[in-house]
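Here the structure is laid out as structure tokens; the discussion comes afterwards.
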Amino acid sequence: MRANHKMQRLYCDAPMAAGATVEPAPEQLHYLLNVLRLKQGDEIFVFNGRDGEWRATVQPGGRKKAGLLLSRCERPQPPAPDLLFGFAPLKAGRLDYLVQKAVEMGAGIIQPVITRHTQLARLGDRRMLANIIEAAEQCGVLSVPEYRDPVKFDALLAGWEPNRRLIFCDEAAGGENPLAMLVGLGRGPLGVIIGPEGGFSDDERRTLRDLPFVTAIPLGPRILRADTAAVAALAVVQAALGDW
């Protein structure tokens, strides 16, 4: 069931059931009352990533306070997407864009990967989680993706689930049509990995190509920035093997 984009959506990490009252965090309350200027009786949708999406009514709670009274479930909770998105961290502004678009494109796991050419190895967990939640609020996602701590390239592959197919976006892959490389793979657990600004090293590319669970795909004749490549790769994978 698609989201209703005519009403504001808010993520609240609290249990949800009919008749329950959810208390937004202070910064969320400020946004609702002072930015959106919601008043008593106004309705919004709330979700927690576990209990579906609920219609809620703004209730007074004293000066500069308010609660959200849950009335009914508008959308049941779907299964979490089984798509792992691995990426080499980028500079802050483009990293925010990349993470937000990965959520919109249906990633279920957000996994930073430290490669040889990665320029930014330290990430702000709070900022990453805020970007994930904001993207979920805006695009109607109910299953909030899991954010995992950064992991080194070799460690990622050493702990990889053998039954999860890993799509490797390789600028040196033969051909220009990625769909042709995905035909016949079959559906199942998936992963997509995008390299850093300078691409994967030659050793990393050889390592990936030698693994039985890896499929290398091209992304067309043009050189794409890493954040653009992420959107393109996820779109192709979702169209060929995912939930499109």
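Quick notes on this structure:
- Being out of contact with any helix residue (DSSP H, G or I) (no Cβ under 8 Å at 6 or more places or on another chain) and not aromatic (Phe, Trp, Tyr) is true of Gln59.
- Within the range 77-114, the set of residues being part of a loop (DSSP other than H, G, I, E, B), touching a residue at least 40 places away in the same chain (Cβ under 8 Å) and open to solvent by 10 Å² or more (accessible area, probe 1.4 Å) comprises Gln77, Pro78, Pro79, Ala80, Pro81, Asp82, Met105, Gly106.
- Residue among Gly242, Gly198 that is loosely packed, with under 15 Cβ neighbours inside 10 Å and at pLDDT below 90: Gly198
- Listed by first and then second residue, the pairs linking a residue in the range 193-208 that is touching a residue at least 24 places away in the same chain (Cβ under 8 Å) to a residue that is among the acidic types (Asp, Glu) and open to solvent by 60 Å² or more (accessible area, probe 1.4 Å), with Cβ atoms under 7 Å apart and 6 or more places separating them unless they lie on different chains, are Gly199/Glu171.
- Checking every residue in the range 118-125 against the condition of being outside any loop (DSSP other than H, G, I, E, B), without any contact (Cβ under 8 Å) to a residue 40 or more places away in the chain and more than 23 Å from Ala232 (Cβ to Cβ) gives at least one match.
- When the range 91-115 is filtered for residues that are more than 24 Å from Pro189 (Cβ to Cβ) and touching a helix residue (DSSP H, G or I) at 6+ places or on another chain (Cβ under 6 Å), the ones remaining, listed by number, are Arg94, Asp96, Tyr97.
- Residue tally, condition within 19 Å of Val192 (Cβ to Cβ) and either without any contact (Cβ under 8 Å) to a residue 24 or more places away in the chain or surrounded by 19 or more Cβ atoms within 10 Å (Cβ to Cβ) (or both), over the range 137-149: 3
- Evaluation of Ala136 against the conditions (1) part of a strand (DSSP E or B); (2) touching a Pro at 6+ places or on another chain (Cβ under 8 Å); (3) not acidic (Asp, Glu) shows that the sole unmet condition is (1).
- Taken over the range 202-232, the residue count meeting the criterion of being within 20 Å of Gly93 (Cα to Cα), open to solvent by less than 20 Å² (accessible area, probe 1.4 Å) and in contact with a helix residue (DSSP H, G or I) (Cβ under 6 Å, 6 or more places away or on another chain) is 2.
- Some residue of the range 97-105 being closer than 18 Å to Ala135 by Cα and basic (Lys, Arg): yes
- On inspection, Gln40 does not qualify as open to solvent by 30 Å² or more (accessible area, probe 1.4 Å) and under 26 Å from the mean Cα position of the chain (by Cα).
The values are calculated or read from the model by the stated rules, or taken from the named source; none is laboratory data. Every value quoted in this text rests on a predicted model; they were computed, and no experiment measured them. For neighbour counting, all protein chains shown are included, and Cβ atoms are generated from backbone atoms with ideal geometry for every residue, glycine included. With ligands, DNA and RNA removed, areas are computed over all heavy atoms of the protein, side chains included. Shrake-Rupley method; radii C 1.70, N 1.55, O 1.52, S 1.80 Å.
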